[in-house]
Amino acid sequence: MNLSHRPGMRITTLVPAFKPKYLVELLTSLRNQTVKPARIIFSDDSPDQAFVAALSNEPLKTVLADLNVSVVPGPRTGAQDNFSNLLKVWNRETELIHFLLDDDIIYPSFYERHLQAHSSGRIACSVSRRWTATEAGLPVRDLPVPEAVDKHGNTLLALGPNLLFATTVGQSSNWLGEFSNAVFIADLADTIRDSRMDSIGYIGLQDLGAFLSASLRAPLGYINDHLGYFRMSAQQNSADPMGRPLKLAHLAYLGLAIAARRIGQLTRAQADACMATLCPLVTQRYGREADMAAFCALMPELATAAPAAEGRFLDAWRSFAP
């Protein structure tokens, strides 16, 4: 894998597009970057191809001519396929890639700071802090960043897998954020496309899983400044606690804990503690959901590390999220 960094690195912005409501705000944040991306690609997964229509016609077509924007129809077969479609269209044309979700916003120095991070040394991906904001864009909440990172005097930290696994999977917490606040080197695109660790899938936590998988190859460059925001809205998957995306996220933490223990990034005690905490929560939240019945039946055994429980969970997990 080529992890060399050199002046003149270019970034492609990949937008898995579905909700056109925030298109103007997203484009405004891209136009106001102090360093512009080399290319911006939209993969339009909306039901009516709203992005194709808006970006291919006036007035946006002329306004955005200098930004090298292209838009292609999405596969409309799910979010993961839309990400894969973007990677195919990108075709490794630039050294760096940034997935920008269509309702998130990056601040003007986002690309400048991430390019500086990638030019500073050998890192697999760069992740910057972000606010959680209201639908109108008002920052209201930060992520639960570990104190040792939060209070560190440096604004750029090289973080290894030992710290990252222990403070995320080990605590069933994602303080790193989402794809929108991260920039990957080209050779790490497979961590986004594959969504597996030690052959165990992490669909539902693709962002966290990709960050952790990347850190196994080279340090993660953490930019300890807020360079964007994650927008809360009623249209988000996370707004529906009984929806499939949040069910996947809960189960993916269990899958990641098993994978992390198997590759030596969590001790048996750390993995067991994760199971003991999360398994009862799964049963509490989803005990009445028919599609979660098989998992809920397994949770007591998995929580106590009963023999064969892990294997039965993984079989069910692979069927639920192939």
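The values are calculated or read from the model by the stated rules, or taken from the named source; none is laboratory data. Quick caveat, the model's predicted, so the values are computed rather than measured. Here the Cβ is made from the backbone with ideal geometry for all residues, glycine too, and neighbour counts use every protein chain on show.
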The stretch 185-202 - residue that is charged (D, E, K, R) and not in a helix (DSSP H, G or I) and, of those, surrounded by the fewest Cβ atoms within 10 Å (Cβ to Cβ):
Asp198
Inspect all residues belonging to the stretch 302-313 and state whether any of them is in contact with an Asp or Glu (Cβ under 9 Å, 6 or more places away or on another chain), at pLDDT 95 or above and closer than 28 Å to Ala186 by Cα.
no
Could you please give the count of residues in the stretch 279-294 that are in contact with a helix residue (DSSP H, G or I) (Cβ under 6 Å, 6 or more places away or on another chain) and either closer than 19 Å to Ile200 by Cβ or in contact (Cβ under 8 Å) with a residue 24 or more places away in the chain (or both)?
5
Criterion (touching a Lys or Arg at 6+ places or on another chain (Cβ under 7 Å) and closer than 24 Å to Ile41 by Cα) met by exactly one of Ala124, Ala117
Ala124
Picking from Arg113, Arg92, which residue would you name as being charged (D, E, K, R) and within 23 Å of Leu138 (Cα to Cα)?
Arg113
Out of curiosity, is Gly209 in the same structural domain as Thr94 (by TED's automatic domain parsing) and modelled with pLDDT under 95?
no
Please name all residue pairs, on different chains or six or more residues apart, with Cβ atoms under 6 Å, provided the first residue is in the stretch 30-47 and is hydrophobic (A, V, I, L, M, F, W, C) and the second residue is surrounded by fewer than 17 Cβ atoms within 10 Å (Cβ to Cβ) and part of a strand (DSSP E or B).
Ile41/Ser70
Quick one: in the stretch 249-306, of everything that is surrounded by 16 or more Cβ atoms within 10 Å (Cβ to Cβ) and of a type in the set (Asp, Glu), which residue is nearest to Ala321 (Cα to Cα)?
Glu301
Do the conditions hold for Gly264, that is, is it free of Cβ contacts under 8 Å to residues at least 40 places away in the same chain and out of contact with any Cys (no Cβ under 9 Å at 6 or more places or on another chain)?
yes
Run down Gly137, Gly121, Gly153 and say which single residue is surrounded by fewer than 16 Cβ atoms within 10 Å (Cβ to Cβ) and in contact with an Asp or Glu (Cβ under 8 Å, 6 or more places away or on another chain).
Gly137
Given the criterion under 20 Å from Ser172 (Cα atoms), free of Cβ contacts under 8 Å to residues at least 12 places away in the same chain and not assigned by TED's automatic domain parsing to the domain that holds Asp102, identify the matching residue among Ala249, Ala297, Ala269, Ala306.
Ala269
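Matching residues to (1) acidic (Asp, Glu); (2) buried (at least 17 other Cβ atoms within 10 Å of the Cβ); (3) in a helix (DSSP H, G or I):
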| site | (1), (2), (3) |
| --- | --- |
| Leu30 | no, yes, yes |
| Ser43 | no, yes, no |
| Pro47 | no, no, no |
| Ala53 | no, no, yes |
Just need a number here: residues in the stretch 144-174 that are assigned to a loop (DSSP other than H, G, I, E, B) and either in contact with a strand residue (DSSP E or B) (Cβ under 6 Å, 6 or more places away or on another chain) or under 12 Å from Asn224 (Cα atoms) (or both).
7
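One line per residue, one yes/no per condition, for (1) over 26 Å from Ala257 (Cβ atoms); (2) touching a helix residue (DSSP H, G or I) at 6+ places or on another chain (Cβ under 7 Å); (3) among the basic types (Lys, Arg); (4) in the same structural domain as Arg39 (by TED's automatic domain parsing):
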{"position": "Ile106", "(1), (2), (3), (4)": "yes, yes, no, yes"}
{"position": "Ser109", "(1), (2), (3), (4)": "yes, no, no, yes"}
{"position": "Leu115", "(1), (2), (3), (4)": "yes, no, no, yes"}
{"position": "Arg122", "(1), (2), (3), (4)": "yes, no, yes, yes"}
{"position": "Glu147", "(1), (2), (3), (4)": "no, no, no, yes"}
{"position": "Asp150", "(1), (2), (3), (4)": "no, no, no, yes"}
{"position": "Asn162", "(1), (2), (3), (4)": "no, no, no, yes"}
Quick check on the stretch 282-289. Is at least one of its residues acidic (Asp, Glu), modelled with pLDDT under 95 and more than 16 Å from the chain's Cα centre (by Cα)?
no
